[in-house]
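The values are calculated or read from the model by the stated rules, or taken from the named source; none is laboratory data. For clarity, every value in this text was computed on a predicted model and none was experimentally measured. Glycine gets a Cβ as well: all are built from the backbone with ideal geometry, and neighbour counts include every protein chain shown.
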Amino acid sequence: MSFGFLPNEGQPDFEALLKQFSEMGIDPGALAGAKSFLESMGSAKTGSDQNLITVAALRDIAKEIISAKGDLPVGTADQDRLGQSLAIANTWLDPEILFPSATAPTQSAWSKREWLDESLAGWQQLIEPLAVGMADALANVISSSSSSLPIEFTGEVNQSPEQQDAMKAMLARLLRGFMGTLIATHLGKGIGLLANSITGANDVAIPLLKTDSGSHLIPQNVNEWAQGLGIDLEQVSIYLALREAAAARLFANTTWLNTYLRDAIISYGKGITIDVDSITRQAEEAMSSGEIDINNPESLNLALNAGLFTPQQTPAQELALTKLEMALALIEGWIDHVISEVASDRMPAFNALIENSRRRRATNSPMQQLFANLLGLEVSPRKMREASAFWCEVKKIKGADGRDKCWEDPAFLPMPDDLADVAAFLNSVTVPDDLSGLI
């Protein structure tokens with residue numbers, strides 16, 4: 001039985017549901033409560049064979065955020081100016097970084113919407129496991145419940161087990177879709193805010209693009225980033241080009257990074273469970289305090305967004321978040337380290353620029369807020385500084401090429417305790433050239 005979902009769009013058809021449940025002997029008026037509740041939350045757009053988060057949904061939500069601020073077209077002058085900045089950046093980075101630069105792209109500058117279109121598939125693939133984990137946990141609460149459904153959802157007290165099971169299956173599927181919609185809304189808004197603030201295609205410091213995408217700067221955001229600094233635009237552009245080019249080289253030559261981050265999110269998502277008693281208690285407290293108004297569905301949406309019902313994390317989830325935090329910190333730390341190596345003596349304003357960049361990432365970063373809302377994860381500025389110092393020590397011990405070869409194996413990535421003694425960590429993960437002493 002399809003339970004009223006349209007085969008192509010996976011959206012609930014409540015009229016079909018009413019007919020089906022009427023044929024099963026369930027009071028057709030029973031669905032009124034469920035219909036009102038679920039429609040007020042927004043359409044539940046998913047079927048069992050579809051992604052919970054779709055690229056189309058993300059694009060629509062993000063484009064609204066971009067349009068509200070405006071997206072200026074990229075002109076020939078922008079292409080030429082930022083192309084020169086990227087050329088200088090790559091020239092400086094060539095002797096420092098083992099990873100070669102990608103073939104120079106035909107476009108050195110992208111508009112916000114060009115970045116959006118190129119990154120959406122990467123976002124969808126990265127966050128989909130989280131949506132699945134949360135949706136499955138919510139659906140399991142309904143489908144595995146041994147108690148009867150509330151009367152406002154059934155319309156009558158005495159229903160057969162078959163009728164109850166059918167209603168539970170329908171609600172589980174609708175609520176699963178609602179969770180996908182909720183996370184897609186979160187993510188889409190976050191991506192839109194990022195598009196309005198990032199200065200380059202790889203400025204998010206997460207591998208989202210195709211490996212051959214190359215380096216691109218976003219001129220509108222570069223110009224806004226430079227405002228109020230009192231530093232000439234040429235230095236600002238070269239600094240941001242250095243960050244962009246370094247990130248692009250790293251991601252193009254460490255193709256396992258995307259899988260590593262996604263696997264951590266999968267591990268986190270699989271561990272999501274919902275404690276019904278705890279959530280009921282929290283909901284009752286929130287309603288009594290006025291934080292949730294049962295007649296205002298938006299208040300529930302806001303409560304969910306604020307993490308009101310965040311479940312207790314398991315040890316496996318805590319480990320997954322630690323891996324994520326360390327990977328993100330090591331990426332940012334490596335970028336800061338390598339650009340410092342090549343530009344600190346060349347650019348008079350370099351120290352001011354890198355400190356400004358770190359401060360913005362720490363206090364006003366849509367990326368930080370996005371991960372905080374979705375995963376409860378915040379990469380602290382201290383952790384990023386420690387990661388940068390870690391890479392500096394690795395270079396002293398192994399040289400620049402040895403430092404970059406550390407990215408060849410995901411097993412290399414250190415954990416927080418490893419940052420304190422770099423030499424000891426390197427010894428623990430390095431296979432000696434002479435293995436005779438181990439025989």
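Would you mind telling me which numbered condition in (1) touching a Phe, Trp or Tyr at 6+ places or on another chain (Cβ under 9 Å); (2) part of a loop (DSSP other than H, G, I, E, B); (3) modelled with pLDDT of 95 or more I53 fails?
All conditions pass for I53, except number (3).
Give me a count of the residues in segment 206-219 that are crowded, with 24+ Cβ neighbours inside 10 Å and modelled with pLDDT under 90.
Residues flagged as crowded, with 24+ Cβ neighbours inside 10 Å and modelled with pLDDT under 90 within segment 206-219 amount to 0.
Return the pair list, or none, for Cβ contacts closer than 9 Å from residues in segment 49-66 that are acidic (D, E) to residues that are part of a loop (DSSP other than H, G, I, E, B), at least 6 apart or on different chains.
D49/G10
Give the residue that is farthest from L208 (Cα to Cα), with candidates limited to residues of segment 224-271 that are without any contact (Cβ under 8 Å) to a residue 24 or more places away in the chain and within 22 Å of the chain's Cα centre (by Cα).
D263
So if I check each of N221, N258, N202, which one is under 21 Å from T106 (Cβ atoms) and either aliphatic (A, V, I, L, M) or in a helix (DSSP H, G or I) (or both)?
Result of the check over N221, N258, N202: N221.
Residue by residue, here is whether (1) under 15 Å from G200 (Cα atoms); (2) modelled with pLDDT of 95 or more; (3) surrounded by fewer than 21 Cβ atoms within 10 Å (Cβ to Cβ) holds:
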| residue | (1), (2), (3) |
| --- | --- |
| A57 | no, no, yes |
| D60 | no, yes, yes |
| Q107 | yes, no, yes |
| K112 | yes, yes, no |
| D117 | yes, yes, yes |
| Q125 | no, no, yes |
| E128 | no, no, no |
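Looking at G177, G192 in this structure, which one is in contact with a Lys or Arg (Cβ under 6 Å, 6 or more places away or on another chain), buried (at least 22 other Cβ atoms within 10 Å of the Cβ), of a type outside the set (A, V, I, L, M, F, W, C) and part of a helix (DSSP H, G or I)?
Going through G177, G192 in turn, just one is in contact with a Lys or Arg (Cβ under 6 Å, 6 or more places away or on another chain), buried (at least 22 other Cβ atoms within 10 Å of the Cβ), of a type outside the set (A, V, I, L, M, F, W, C) and part of a helix (DSSP H, G or I): G177.
Answer yes or no as to whether T430 is surrounded by fewer than 16 Cβ atoms within 10 Å (Cβ to Cβ), assigned by TED's automatic domain parsing to the domain that holds A184, of a type in the set (S, T, Y) and on the phi < 0 side of the Ramachandran plot.
no
H337 passes all but one of (1) in a loop (DSSP other than H, G, I, E, B); (2) crowded, with 19+ Cβ neighbours inside 10 Å; (3) not aliphatic (A, V, I, L, M); which number fails?
Just one mismatch for H337, condition (1).
Return yes when A226 is in contact with a Leu (Cβ under 7 Å, 6 or more places away or on another chain) and crowded, with 23+ Cβ neighbours inside 10 Å and no when it is not.
Spelling it out, it is not the case that A226 is in contact with a Leu (Cβ under 7 Å, 6 or more places away or on another chain) and crowded, with 23+ Cβ neighbours inside 10 Å.
Determine the pairs where a residue that is part of a helix (DSSP H, G or I), located within segment 395-420, has a partner that is among the aromatic types (F, W, Y) with Cβ atoms under 7 Å apart, the partner being 6 or more residues away or on another chain.
These pairs meet every condition: R403/W391; D404/F99; C406/F412; P410/W256; P410/Y260; D418/F425; L419/F390.
Could you go through segment 360-369 and let me know if any residue there is in contact with a Leu (Cβ under 6 Å, 6 or more places away or on another chain) and of a type in the set (V, I, T).
Among the residues of segment 360-369, not one is in contact with a Leu (Cβ under 6 Å, 6 or more places away or on another chain) and of a type in the set (V, I, T), which makes the answer no.
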